[in-house]
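Taking it in order: structure first as structure tokens, then the write-up.
The values are calculated or read from the model by the stated rules, or taken from the named source; none is laboratory data. Everything quoted here is computed from the prediction, not taken from an experiment. Quick reminder, even Gly has a Cβ in these numbers, built from the backbone with ideal geometry, and neighbours come from all protein chains shown.
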């Protein structure tokens, strides 16, 4: 069971969180023409990386905030966590 | 029966307390503090079971978790449990156990014929033989194999025992209470660290209980007792026996199974049977010790052949002689320790040492005691079927290839020592890459991956002095990092005998002309010849060899067999052992009871049951409940002998003719507040929301980004910046997360807050032509006329002094209202509605009637919004705005979603107007078409229309728009039904929706 550092609450066990997918995907802005390819990339196409992956988790049984977690998909090592509005350098 | 093999003045058992127990129907006696194994051995019982494949007689091989044979079926307090190791099961008064894997009895086992057919049962036999003919597998092969195999029978009864889960945090978790565990725990505890020390056995101390050493002028055992006693008094220390740490998971999470009650005749009241601990540790100290490994020789599975360390443990801990004419077969000094203990108790052992001329303090002591030692000697084969009677022994050449001077000597047990294998399971599970240590011919932990360190024998350190020094230091340093205390501890003086190097010898060659089975894996009957076959057939990876031969599989997971298997593979392949590598260590280290894993989450406890504030009223009024997500909802209210069908029909009919009331508390409710609330709704829902006035409700549909309908419901504008959103019961949690996702990540600029208010409001739907008259009487001070409170209107009211929210919305398609009050007043509201409604012939209705009403109106619900349909499919395209953008809109342009013959909701009526159509039935054009019959659609919901008094169903049908009036067949192979049907409009009743607006 992962041990995730919620930037709002501190170290919490994985069972307080739910997984939310790739955090690098950006939703196309509203009311703008979007090509089929662009939309498919947003809705469906994911890389399924091995290694460092920036992903979303929601602290559903805690502060209910969505957070970003930088995790190694192979070793489960967690490097850094960020608030939803924090820029990841 | 007397305990003929029990000796006086030795052992840690309580001779004051004699216990009786039964094994295979026969009564024996043992003492408190015995295991089932030690008590049986005290009575001279060596035959405990039959082997898995050949049904050869099997006895005891070890004295603890490493035991591969002695698995029994246990009977305790009216319950039975399979797969119990006799070496781990503590004795209690009245214990009953039986042998497994034998029929009709352990003494006469028909399956033993496999033993004489063993030439036909080599590795891969099952894979090769039971392939043809294919049809034989289910009918003949599998049932036969199942009957013949197995390690016991699981109970089919409900398990009345309680199992608990516990979550714990600590600074240092220490696995194993041998010398390194005790020393590190003590040092860390003195520094004030929060320590958990776990021991899988009943007694603390590990090897100190049996070894002849001295620590600080005390015996090892007394020193251990002193340390444990002091640790137990310290508030920052938790000391647990009978507790096995069996898994090391991510981020220093370890799981431990504590056997709370297995050693008692019955579980005490309010106590669990087992407790599973989830422990998050800052640092983990693995002091799990080592397991002696066997030397492989002919018939080395005969009862009476056992590990030399086990023989010593039976003697030192339980006062039991495993034999009176022991033969000790060793390649290192450990065998001598066992021989010395025998000698001290008046037994004359013979030691066969594979080494030519070993010299050490221990050997000197053995010589001084006059023990018969034969160097460069090996056991060629054990003789005897159900028990060792003698052994063929031989001199072995220096290159260990040639046997000479074979002779037969009498003995009643053979104690084997092939040196020690560190128990590296936990370290390996943590991600530690193990390395091979030449000096000990075994793997030890390498670079730490998580915050773990391995000490003592588990790390390949077999000197007590070095173990204690490194362990005191590690405990002290790791705790210092955390607590910043540094209490110095004087390291006690250690007296131990120096030992000499072991012999790198593990397998006795076969003498000419003999074909003895030489077993590597005792639990799975894997012999040297099986591994040879696997390699000959081309299996190279050790993981493949394992799976093909089953070497190292099953409940003992190869604790005694893995390394010898690797030695064999490396020898045949002419590789070094590290190049062969070892198979992956996976949790659990020892078998864990399913009950312990499940814990309290059984039956209704697997999820919390949520009940509405009106639940007690429903119960009192004969409600029959149904699970709706985690909620319990009344399905119908039973009157007299009514069944579900009759009751729901009556309730639905009463709504259509008079007035009914339904508990809708379970609907998800979300408060949406903030200046940008309308903008959020406008982006989340498919229809327009910016112009909804205060005091008005609107129905909305929300999509996922892929265009599929996610949920539907009404949202009401309570005040300028305050909306009350409702969701379906099932999707309430998901919708909240969905809104939070967009507010926090996608559109953080929107100034809106959302919070779940599902449990804050109790809700009652009042529906039927007389609902307005009832509402007026409930709220005499409010104007609830069609003008005062029009369709989709909202107002607040005073319900006999309680503030209420009144919504004019309808799910039933009738003139209807929903009244919400704060949850604490829910029951008050409900009783008032029933009381005042009496003159209008009010009746409560349940979910079944609710479904009937919505189905015949063509209102969609969960069975249509099933995660596969878009708005068009549900005839909701009128709610999809063409002007504004919203979540999922772009996906609605996908070619499949705009196809001419796109699926769409329709109504379905059986031609005979009699036969109800099972939900899930497929709609097909031709009921006689060959399979697979092309499916045009499926029945999503069925009811008995109370309006027309005939069956009516909803279906999602390909090209549904152009199918009205067509005749098709509804086929349900599951219910074996073929029903001719006609396709009609999904709006079966009141298609213009006049009633809700009346």
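Of the residues in segment B:944-958, at least one is farther than 30 Å from residue B:648 by Cα, more than 42 Å from the chain's Cα centre (by Cα) and at pLDDT 95 or above.
Scanning segment A:1-25 for residues that are facing chain B (nearest Cβ under 9 Å) and in a loop (DSSP other than H, G, I, E, B) gives A:1, A:2, A:23.
Among the candidates B:578, B:591, B:587, single out the residue that is buried (at least 17 other Cβ atoms within 10 Å of the Cβ) and either in contact with a helix residue (DSSP H, G or I) (Cβ under 7 Å, 6 or more places away or on another chain) or in contact (Cβ under 8 Å) with a residue 40 or more places away in the chain (or both). None of the others qualify; the one that does is B:591. Taken over segment B:464-483, residues that are in contact with a helix residue (DSSP H, G or I) (Cβ under 9 Å, 6 or more places away or on another chain) and more than 21 Å from residue B:282 (Cβ to Cβ) amount to 5. Given the criteria crowded, with 20+ Cβ neighbours inside 10 Å and assigned to a loop (DSSP other than H, G, I, E, B), does residue B:88 qualify? Spelling it out, residue B:88 is indeed crowded, with 20+ Cβ neighbours inside 10 Å and assigned to a loop (DSSP other than H, G, I, E, B). Out of B:37, B:4, one residue alone is at pLDDT 95 or above and not in a strand (DSSP E or B). It is B:37. Residue B:739 - would you say it is within 14 Å of chain A (Cβ to nearest Cβ), under 23 Å from residue B:710 (Cβ atoms) and touching a helix residue (DSSP H, G or I) at 6+ places or on another chain (Cβ under 8 Å)? Judged against the criteria, residue B:739 is a match. Please work out which residue is farthest from residue B:416 (Cα to Cα), limiting yourself to segment B:360-384 and to residues that are assigned to a loop (DSSP other than H, G, I, E, B) and in contact with a helix residue (DSSP H, G or I) (Cβ under 7 Å, 6 or more places away or on another chain). Ranking the candidates gives B:369 first. Scanning segment B:465-490 for residues that are on the phi < 0 side of the Ramachandran plot and not in a helix (DSSP H, G or I) yields B:485, B:486, B:487, B:488, B:489, B:490. Considering (1) in a helix (DSSP H, G or I); (2) away from every other protein chain (no Cβ under 14 Å); (3) farther than 30 Å from residue B:663 by Cα, the lone condition that residue B:902 does not fulfil carries the number (1). Each residue in segment A:49-89 was checked for being assigned to a loop (DSSP other than H, G, I, E, B), free of Cβ contacts under 8 Å to residues at least 24 places away in the same chain, more than 9 Å from chain B (Cβ to nearest Cβ) and within 30 Å of residue B:432 (Cβ to Cβ), and 1 pass. Looking only at residues of segment B:959-975 that are surrounded by 15 or more Cβ atoms within 10 Å (Cβ to Cβ) and under 16 Å from residue B:915 (Cβ atoms), we find that the one that is nearest to the chain's Cα centre (by Cα) is B:972.
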